[in-house]
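> Can you keep this structure in mind? I'll have questions shortly.
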């Protein structure tokens with residue numbers, strides 16, 4: 001694989017019924033959680049929340065454990081996990097994404113898929129994931145995110 005690596009941020013948005021917000025991505029034809037490239041002057045958490053809003057119309061907030069705070073510095077929420085994966089792209093060619101994955105909860109908005117990037121968006125229970133065409137790791141990742149987030153929500 002090529003040495004090109006891009007930083008991306010994504011969000012596993014979980015509702016009160018432990019359903020995950022998934023989008024059917026137009027380019028790759030799979031169901032996955034919202035996410036994308038981190039824009040200039042944007043931290044990874046901001047990017048993940050922006051991608052959720054842009055792709056689905058849902059406003060979300062990051063679920064996180066207590067962090068260090070001090071008036072002299074700003075802190076950025078730590079991601080739930082960081083994944084690295086191979087990506088095929090018609091414009092860039094083969095490269096790798098380093099994806100900072102956040103667990104989030106919805107706070108407002110109506111589910112409105114952004115048709116330019118996603119064909120559909122919907123809430124999916126962990127049990128229903130097996131019926132969808134997803135990346136191989138997605139069902140296990142969402143199950144672990146649900147387990148991890150329970151005491152924090």
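> Can you go through 92, 87, 62, 73 and tell me which one is buried (at least 17 other Cβ atoms within 10 Å of the Cβ) and over 12 Å from the mean Cα position of the chain (by Cα)?
87
> Which of the residues spanning the range 130-153 are more than 16 Å from the chain's Cα centre (by Cα) and either part of a strand (DSSP E or B) or in contact (Cβ under 8 Å) with a residue 24 or more places away in the chain (or both)?
132, 133, 152, 153
> Still on this structure, I have one more. Among the residues of the range 8-27, are any at pLDDT below 90, outside any strand (DSSP E or B) and under 18 Å from residue 118 (Cα atoms)?
Checked the range 8-27: at least one residue is at pLDDT below 90, outside any strand (DSSP E or B) and under 18 Å from residue 118 (Cα atoms).
> Going through 121, 108 one at a time, which residue ends up being loosely packed, with under 12 Cβ neighbours inside 10 Å, touching a strand residue (DSSP E or B) at 6+ places or on another chain (Cβ under 7 Å) and part of a strand (DSSP E or B)?
Step by step, each of 121, 108 is checked, and only 108 is loosely packed, with under 12 Cβ neighbours inside 10 Å, touching a strand residue (DSSP E or B) at 6+ places or on another chain (Cβ under 7 Å) and part of a strand (DSSP E or B).
The values are calculated or read from the model by the stated rules, or taken from the named source; none is laboratory data. For clarity, every value in this text was computed on a predicted model and none was experimentally measured. Please note: Cβ atoms are built from the backbone with ideal geometry, for glycine as well, and neighbour counts cover all protein chains shown.
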